[in-house]
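Visitor: Okay, here's the structure, questions in a sec.
Since every read-out is calculated from the coordinates, none of them should be taken as a lab result. These numbers were taken from a predicted model, which means no experiment stands behind them. Please note: Cβ atoms are built from the backbone with ideal geometry, for glycine as well, and neighbour counts cover all protein chains shown.
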Amino acid sequence: MSLRIQLVGHATFLIELGGQRIVTDPWFADRIGIPFRFFNLRRSDSPGVSGEIPSVDLILCSHRHADHFNLNDLARMNRSAEVFVADKWMKRKLGAMGYRNVNVVRPWDKKDLGSVAVSAVPAIEGAEGLPQVGYVLEGSGKKIYFGGDTAYFEGFEEIGMRYQIDVALVPVDGVKILGRTVTMTPTQAAWAVRQLKAKITIPHHYHVTSSFPGSLLHKATGTPEQFRREVLRVCGETAIQVLKPGEHFQIA
Ligand SMILES: [Zn+2]
């Protein structure tokens with residue numbers, strides 16, 4: 001088996017590629033937890049992995065928000081992992097926990113790790129303007145794009161041109177904070193699909209809500225069903241694979 005992608009939930013995927021096990025934006029619990037009580041994000045679906053967090057070789061983190069860089073969960077993960085982060089604050093937090101192999105990356109940085117290469121690609125953090133990157137993984141003749149919770153921007157076209165992407169993992173829930181869209185809506189994500197030109201797209205970053213009082217500011221209503229309809233409208237027939245938490249997709 002050369003590529004296996006399992007949805008844990010939200011932006012967290014467990015990927016097996018080139019004999020290495022990779023996790024994206026680790027958040028394995030039901031809620032994001034302290035110290036982020038105000039937004040208190042919680043899942044509508046149970047996470048697809050329960051109990052011990054599996055041991056991994058690589059951890060890819062798009063940005064520092066706790067639904068993507070969950071310190072409670074990172075404290076439960078193996079410190080031997082090679083970690084990729086978007087800023088020095090994240091590196092310091094991980095260093096204090098005992099992680100030793102932490103790479104702060106900027107768009108187009110690339111690191112070869114034997115059977116797998118990791119490249120950072122541009123992304124837009126829309127809420128606070130914090131550093132955010134996406135990632136492209138290459139291994140076993142496959143290329144996988146991961147976009148954390150990026151806003152829509154023009155750069156998808158270039159990412160699609162530089163890499164012939166096999167599988168794209170794109171956020172779709174259209175998070176609005178104080179009425180401003182900060183993560184791609186289903187329609188914007190459909191346009192990203194059109195520009196990325198991936199063979200298969202798996203939506204993520206949906207079915208997470210904020211409870212009161214954060215719910216007054218934070219709304220996320222986009223669903224994978226809306227995304228599928230918008231892709232059909234914007235791109236025509238394009239392969240979309242919707243996974244439930246715990247389900248996986250694989251290519252031999
Ligand atoms: Zn997010």
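Visitor: If you place +1 on the Cβ of every Lys and Arg and -1 on the Cβ of every Asp and Glu, how big does the dipole about the Cα centre of the range 159-218 come out, in debye to the nearest 20?
Guide: On the way: 6 positive and 2 negative charges, 43 e Å.
Charge dipole, the range 159-218, about its Cα centre: 200 debye, nearest 20.
Visitor: Further question: If we count every other residue with Cβ under 13 angstrom of Glu125's Cβ, Lys/Arg +1 and Asp/Glu -1, where does the sum land? Walk me through the intermediate numbers first.
Guide: Numbers: positive: Arg64, Arg180; negative: Asp25, Asp67, Asp87, Glu128, Asp149.
Result for the local shell: -3.
Visitor: Place a +1 charge on the Cβ of each Lys and Arg in the chain and a -1 charge on the Cβ of each Asp and Glu, then give the dipole magnitude about the Cα centre in debye, rounded to the nearest 20. All intermediate terms of the calculation are to be shown ahead of the outcome.
Guide: On the way: 30 positive and 25 negative charges, 71 e Å.
It works out to roughly 340 debye.
Visitor: In addition: Could you work out the local net charge near Asp173, counting Lys and Arg as +1, Asp and Glu as -1, over the other residues with Cβ closer than 10 Å to its Cβ?
Guide: Numbers: positive: Lys176, Lys219; negative: Asp149.
Neighbourhood net charge equals +1.
Visitor: Asp73: net charge of surrounding residues, Cβ under 12 Å, Lys/Arg +1, Asp/Glu -1, itself excluded?
Guide: Working: positive: Arg31, Arg76; negative: Asp25, Asp30, Glu52, Asp67.
Net charge in that neighbourhood comes out at -2.
Visitor: Would you compute, from DSSP H runs of 4+ residues alone, the mean residue ellipticity of the chain at 222 nm, taking -39500 (n - 2.57) per run and dividing by the full residue count, rounded to the nearest 500?
Guide: Details: 5 runs with 44 residues, N = 252.
That comes out to -5000 deg cm²/dmol.
Visitor: Determine, for Glu128, Glu16, the number of other Cβ atoms within 10 Å of each Cβ, and report the residues in order from fewest to most.
Guide: Details: Glu128 11, Glu16 20.
Result, fewest neighbours first: Glu128, Glu16.
Visitor: Also, quick follow-up: Give a residue-ordered list of calculated ³J(HN,Hα) values for the range 52-65 (Karplus: 6.51 cos²θ - 1.76 cosθ + 1.60, θ = phi - 60°; whole Hz; x for Gly, Pro).
Guide: Computed from phi, the couplings for the range 52-65 are 4, 7, x, 6, 10, 8, 10, 10, 10, 10, 6, 6, 8, 4 Hz.
Visitor: Moving to a separate point now. In the chain, what % of DSSP beta bridges are antiparallel (nearest 5)? Show your work: numbers first, answer last.
Guide: Details: 38 of 57 bridges.
Of all bridge pairs located within the chain, approximately 65 percent are antiparallel.
Visitor: Can I ask one more? Taking a quarter of the surface of the convex hull around the Cα atoms of the range 115-157, what do you get in nm²? The partial results should precede the final answer.
Guide: Values: hull surface 13.0 nm².
With every direction weighted equally, the projected area is 3.3 nm².
Visitor: For the range 3-242, build the charge dipole from Cβ charges (+1 Lys, Arg; -1 Asp, Glu) around the Cα centre, then report which of Thr185, Asn101, Ala220 sits farthest towards its positive end.
Guide: Towards the positive end, the residue furthest out is Asn101.
Visitor: If you don't mind, another one. Going down the table (Lys110/Lys197; Lys111/Lys176; Lys91/Lys199; Lys91/Lys219; Lys110/Lys219; Lys93/Lys143), which pairs top 32 Å between alpha carbons? Please report the intermediate quantities before stating the final value.
Guide: Working: Lys110/Lys197 21 Å; Lys111/Lys176 34 Å; Lys91/Lys199 34 Å; Lys91/Lys219 29 Å; Lys110/Lys219 35 Å; Lys93/Lys143 30 Å.
Cα-Cα > 32 Å for Lys111/Lys176; Lys91/Lys199; Lys110/Lys219; rest within.
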